[in-house]
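Worksheet: the structure to be examined is printed underneath.
Only the coordinates and a few stated rules stand behind these numbers; no lab work does. Since this is a predicted model, take the numbers as computed values, not measurements. Positions of Cβ are backbone-derived with ideal geometry, glycine not excepted, and every protein chain shown enters the neighbour counts.
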Amino acid sequence: MAEKPASELIQIDLNPPKTDWRDPSINFESRRGTWSYPALAKNLTYLGFPNPREWSPAEDDWKLPPNWKETILEGIRERLLKYRSFHLFMDICVRCGACADKCHFFIGSGDPKNMPVLRAELLRSIYRREFTRTGKILKQLAGGRELTEEVLKEWYYYFFQCTECRRCSVYCPYGIDTADITMMARELMNLVGLNINWVMEPVANCERTGNHLGIQPHTFKDNVEFLLEELEDVTGVHIEPQINRKGAEVLFIIPSADYFADPGTFTFVGYLMLFEYLGLDYTLSAYASEGGNFGLFTSHDTIKRLNYKIYHEAKRLGVKWILGGECGHMWRVMHQYMDTMNGPADFLEMPTSPFTGTVFSNAASTKMVHICEFTSDLLRNNKLKLDKSRNDKFRVTFHDSCNPSRAMGLLEEPRYVLRSVCNNFFEMPENTIREHTFCCAGGAGLGNDENMEMRLRGGLPRGNAVKWARDKYGVNLLTCICAIDRATLPPLCDYWAPGVQVSGVHELVANALLMEGENERTTDLRGEPLAGFEAAEEEEASDA
Amino acid sequence: MGGMVSLVAVAALAAVALLAVEVGDLRFVVGVVVPGVAFAVFLGGILYRVVRWARAPVPFRIPTTIGQEKTLPWIRSANLDNPSGAFGVWGRMALEVLFFRSLFRNHKVEVVADREKVNYVDSKYLWAAAMAFHWSMLIIILRHFRFFIEPVPRWVLAIQSVDGFLQVGVPVFYVTSIVFLAALLYLLARRFFDPKVRYISLPSDYLALYLLLAVGITGFLMRHVEKVDISQVKAAVAGWTSLQPVVPTGVGIMYFLHVFMVSALLVYLPFSKLLHMPGVFLSPTRNLANNNRARRHVNPWNPPIVGHTYAQWEEEFRDKLVAAGYSLDKE
């Protein structure tokens, strides 16, 4: 994309035109930069999904199956009977407009069909026309629309322009959850082969290799070993990789981006340093090598299919309980879906911290604990020796990721950890944090490069809040507990709040952690000089 | 456009009632048959819709969590916005239904382009208007019980005297009558003048407001302009409740219009967005506890899906696993 400067992109009018919204036509060609490429045939074929083919949204012919309309209508009928949420959300919206300016994509684009109420109406108008008596009789007057190919194309554009962040649901007087509606719309589109590659390739990879990135077991091991060697160079501490080890007490599940790309890798070694410090009896798995679950952005059946391997592997390895790393949508699945779909996990034991004796009774059934719960409990019980000043070069703020905030409520633990391991912590404005938090605009499979303009637009509210914290408090580090965030927030910050870096929470924990037998530390995990050591590092660099 | 169609529809309804009574002399039909049928449709329709919703299972426990969840004992949890048990859920639902808790969070977003700034401005107008409208409607409905119950219960008299505390006019003006109409007018004005709300509004959104306004206005005119004989109204209503209907005599046209508009509203309700009234109680993002990890939620149709098993994975990557020195389950 030819990048527009921020001052130009922010010229947004949030007042919709006076025209009728019911015209579905979209010119995909002229809107490049705001939509995602379709799924490659090989991925659909591998997964056994319908209608694998080569096609492009920019062309007229989308190569839909001949019976596409019946398939979609039958799909709606089936889901109305299976999901009370869907049926209810189709019926009870009063179009009060409370949600209208709560969506980051609307705020950043001014496109009125990004108002959550209207995004839902795209589907609701079909529901009214085909499934309600008033709609069948009164048609347009009852707010109904005919299901046409143009409508389907409009769905593709707008339901792959929702990150399922649930922010609108917070403000809705009936709790109507656009994420739920988007999930249904995507399920329906999947029935006729309308899906995006940034979702389906990770799904296909995950099914086959165990992780979204398609990393095979030998490479998994190489990556882990390589990262631990790099860590040893910085800290002088040797950590033996723990992979597929039967009989370990804890199975540690992480998003694959953590052992694949910066800055997630620093969070990854951060976790492992903490475990080494503690002497935790844990193992990683090369098979269950993905905590994330792009099934969430595909269909409920796909969530279950990909999530299957977590309990399956826990049982095979004979662990007692499961610990999960920093990842947003992964935790929506682990918290709200896993136990229902693939439980009960009656072969596991009540998660108990071996170091503090704390029983995590809030995870009594799933047997899976969030790393921030685990670490904040350690800190509360003074189990970690820390040098907070090692994080003094950072002026830190915290981005609440959508799912831990609005599908779980994990708000205090990461803050407790951050306040415990660094001296300079500041909050962003109240309307942009905790349950009000704004999405990175790259979740739900939209974090691809071809969609960059829309990501930057949707990233405006978050980016603007970061800029505010940067200008007011001198914040230079945006921390988060989500792997997608760690991938999508850096370009967002570069654009809207230049000079702010992105990291995970456990990277800062490891920076501050006083390991036995470590070198005298002059750099952080990234190999960048600590506060007060800048000159020494420069000398060393010039010596070399 | 949508506003016009609905206005015409409501005007047409009023005209039908007017003609039926004044020209056709169908007082029995408008005064007895129509409300009777309307009430039956209302009850049957609501029941049908609620049963249909209730028959659809809730496969997943998907509350929208707002505030801290219950985890470690030393971390304070937001038990009313992120409830961990039944007690909290009841509290959350009560706040939602009685005080429109979620709407209270509303704010308005402004993008100030030349300063590159996104602003959040507190905005409680919608909440205030919604509260004013719904609460005054509830009080008005309760006030109407003086027609339904004989002798008039003390709580109805108490509501009446508080509502009429201004002691202005004969008969006394009730505060809720004014608030009800004013709130409706505000909600209607939003649909016309707020560009976002205008854009999303359907004909049915205006229709609901016009119907309610018609009910309110006819009621107001009947009481304060036509000064209807209350005892006659009471006799007519007693006819309904005792199932020995009588054609009301000694009441003016406003009575019939009022009854007809209420009937139209009752009939419309089960087929419209006004279903949010029973619907709000069933919303799975609000009425479930966020105790997912502590207590298993069962999906009655949980499909028998098995993913790629470890054994299949090991077989597929056998050579690479061996080369990388993994120990295998099946040597």
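For the reader, a short list of remarks on this structure follows.
- Cα→Cβ-extended label distance, 7 Å offset, between A:Leu514 and B:Leu185, nm: 7.2
- Estimated translational D of the range A:268-403 in µm²/s (Stokes, Kirkwood radius over Cα pairs; 25 °C; 0.890 mPa s): 151
- 5 angstrom amide H check on A:Thr523, placed H, neighbours 5+ away: A:Leu530
- Selected from B:Phe260, B:Phe39, B:Phe317 as most flexible by GNM, with chain B as the system and alpha-carbon contacts under 10 Å: B:Phe317
- The alpha carbon centroids of the range A:116-169 and the range A:244-290 are separated by 43 Å.
- Chain B: angle of helix B:154-163 to the longest principal axis, Cα-based, in degrees nearest 10: 90
- Taking 0.36 nm per residue of separation and subtracting the Cα-Cα distance, full extension of the segment from B:Phe192 to B:Phe99 would add 30.9 nm.
- Karplus-derived 3J(HN,Hα), 6.51/-1.76/1.60, for each residue of the range B:279-288, Hz, glycine and proline x: x, 4, 6, 9, 5, x, 7, 10, 9, 10
- Convex hull volume of chain A per residue (C-alpha atoms, cubic angstrom): 153
- Solution diffusion estimate, µm²/s, Stokes-Einstein, the range A:203-512, Kirkwood Rh from C-alpha pairs, 20 °C, viscosity 1.002 mPa s: 111
- Fewest-first sequence of A:Thr523, A:Thr178, A:Thr356, B:Thr218 by Cβ atoms within 10 Å of each Cβ: A:Thr356, A:Thr523, B:Thr218, A:Thr178
- For the pair A:Ser25 and B:Glu110, label points projected 7 Å from Cα toward Cβ lie 3.7 nm apart.
- Pairs of Cα atoms farther than 32 Å apart, chain B, %: 49
- Length added when fully stretched, A:Ile137-A:Lys42, from 0.36 nm per residue minus Cα-Cα: 29.8 nm
- Computed from Cα atoms, the angle from the helix A:460-473 axis to the main principal axis of chain A rounds to 30 degrees.
- MRE, 222 nm, helices only [DSSP H, n ≥ 4, -39500 (n - 2.57), over the protein assembly as shown, to nearest 500]: -15000 deg cm²/dmol
- Solution diffusion estimate, µm²/s, Stokes-Einstein, the range A:41-136, Kirkwood Rh from C-alpha pairs, 25 °C, viscosity 0.890 mPa s: 153
- Sequence-separation-based contact order of the range B:2-323, relative, with Cα cut under 8 Å and 6+ spacing, percent: 32
- Chain lengthening between B:Lys117 and B:Glu22 when straightened (0.36 nm per residue, less Cα-Cα): 28.0 nm
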